Amino acid sequence: MEISRREIGSITESDIEAFKVYLYEQERSDATIEKYTRDVRKFSETIEGRDTFDKQELLEYKRELIGGYKTSSVNSMLAAVNCYLEFVGAPDLKVKSLKVQKKLFLDENKELTRKDYLKLVAAARRLRRPQIAMIMETLATTGARVSEVRSFTVEMVRRGTVDIVNKGKERTIIITNDLRSKVLAYAEEKGISTGEIFVTRNGRAIDRSGIWKEMKALACEAGVDANKIYPHNLRHLFARTFYRLTKNLAGLADILGHSSISATRIYTASPGSSFKKDISRLDLMAPDSGAQSCA
């Protein structure tokens, strides 16, 4: 099989900065821009010292990633490089992502339960960390993405809804009366009367890595497996709880901001143990009645 030998110039820091501007103009989220530029920079380091690179180098890079990362991580890093190739006008050099088999069951060892969540909130309160306690409650009771925490302003919370614009799409996060009262009381206690509620000591918006570190730090005190502690798991918890109560998949997709219900189904997967119980109830095992004679 003949591999395309078309070459394009090696990647410089100024190329990466230009790529960042391109992503901004494409209205990509801040998190995507940060990740894509980081991943393209990583690729550029593997071809450092070369004036050009071609499809062969890209395929070798893909093999390197496969040997050291999970499938989902490989695909996300390839997506960044492929986007860069589009940017420089070389879409023919793009490499294919790995095929991912659809997960049928929920991995119980990695999913945060309601009990785990309540333990984390209680631990944060015992350790006098009201901000991370309030953030966890906010994420768990609204289904918001961790990156959307910065959109919670005093004005919007007071109104009872938070408007989010992401990737050219707009959705509204609904805030219950109980959460509204709690968040506003927290803001008042912190002396925040306007603007963003969840900020650092310097007044900057708290980012996802900061939230993740704060949650991880609670693992030991809360007695919760650290492997379960990711801010996004609070969104999963919201989705599973909402679906279990309402069985309204379409409504859940709207709340989460999914354009496809197939994306929402991932959040509502059941643990393998529940399927095992259901299958056992089918009662299709033949009874042990001993050997039967044909004579």
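Given the conditions (1) at positive phi; (2) buried (at least 17 other Cβ atoms within 10 Å of the Cβ); (3) of a type outside the set (A, V, I, L, M), which single one is not true for G49?
Going through (1) at positive phi; (2) buried (at least 17 other Cβ atoms within 10 Å of the Cβ); (3) of a type outside the set (A, V, I, L, M) one by one, G49 breaks only (2).
Give just the number: which of (1) out of contact with any strand residue (DSSP E or B) (no Cβ under 9 Å at 6 or more places or on another chain); (2) outside any helix (DSSP H, G or I); (3) surrounded by fewer than 18 Cβ atoms within 10 Å (Cβ to Cβ) does C220 not satisfy?
The one condition C220 does not meet is (2).
Of the residues V162, V149, which single one is surrounded by fewer than 22 Cβ atoms within 10 Å (Cβ to Cβ), closer than 12 Å to I197 by Cβ, in contact (Cβ under 8 Å) with a residue 12 or more places away in the chain and not polar (S, T, N, Q)?
V162
State which residue pairs qualify: first residue outside the structural domain of E155 (by the TED database) and farther than 17 Å from T153 by Cβ and inside segment 195-209, second residue of a type in the set (S, T, Y) and at pLDDT 85 or above in any location, beta carbons under 7 Å apart, and separation of 6 or more residues or different chains.
none
Only one of (1) hydroxyl-bearing (S, T, Y); (2) more than 29 Å from A263 (Cβ to Cβ); (3) surrounded by 12 or more Cβ atoms within 10 Å (Cβ to Cβ) fails for Y243. Which number is that?
The failed condition is (2).
Checking the structure you have, find out if any residue of segment 169-178 is in contact with an Asp or Glu (Cβ under 6 Å, 6 or more places away or on another chain) and modelled with pLDDT under 90.
no
Report whether or not G203 is modelled with pLDDT of 90 or more and on the phi > 0 side of the Ramachandran plot.
Here the answer is no, as G203 does not meet what is asked.
Regarding segment 9-17, can at least one residue be identified that is of a type outside the set (A, V, I, L, M), over 21 Å from the mean Cα position of the chain (by Cα) and either part of a loop (DSSP other than H, G, I, E, B) or under 24 Å from K99 (Cα atoms) (or both)?
Yes - at least one qualifying residue is present in segment 9-17.
Just to verify a result, which residue in segment 186-206, among those that are under 23 Å from the mean Cα position of the chain (by Cα) and surrounded by 17 or more Cβ atoms within 10 Å (Cβ to Cβ), is nearest to P231 (Cα to Cα)?
If we take residues in segment 186-206 being under 23 Å from the mean Cα position of the chain (by Cα) and surrounded by 17 or more Cβ atoms within 10 Å (Cβ to Cβ), then I206 is nearest to P231 (Cα to Cα).
Which of (1) part of a helix (DSSP H, G or I); (2) touching a helix residue (DSSP H, G or I) at 6+ places or on another chain (Cβ under 6 Å) is the odd one out, the single condition T194 does not satisfy?
Among (1) part of a helix (DSSP H, G or I); (2) touching a helix residue (DSSP H, G or I) at 6+ places or on another chain (Cβ under 6 Å), the lone unmet condition for T194 is (1).
Pairs, please: C-beta under 6 Å, at least 6 apart or cross-chain, first residue part of a helix (DSSP H, G or I) and in segment 130-145, second of a type outside the set (A, V, I, L, M, F, W, C)?
Matching pairs, first to second residue: I132/E214; A133/R125; M134/Y186; A140/Y117.
Tell me, which residue of segment 170-185 that is in a strand (DSSP E or B) and of a type in the set (D, E, K, R) is surrounded by the fewest Cβ atoms within 10 Å (Cβ to Cβ)?
Here the residue is E170.
Evaluate segment 76-85: report whether one residue or more is assigned by the TED database to the domain that holds I33 and closer than 22 Å to H236 by Cα.
The answer is yes, given that some residue of segment 76-85 is assigned by the TED database to the domain that holds I33 and closer than 22 Å to H236 by Cα.
The values are calculated or read from the model by the stated rules, or taken from the named source; none is laboratory data. The shown structure was predicted, so the numbers you read here are calculated from the model rather than taken from an experiment. Backbone-built Cβ (ideal geometry, glycine too); neighbour counts: all protein chains shown.
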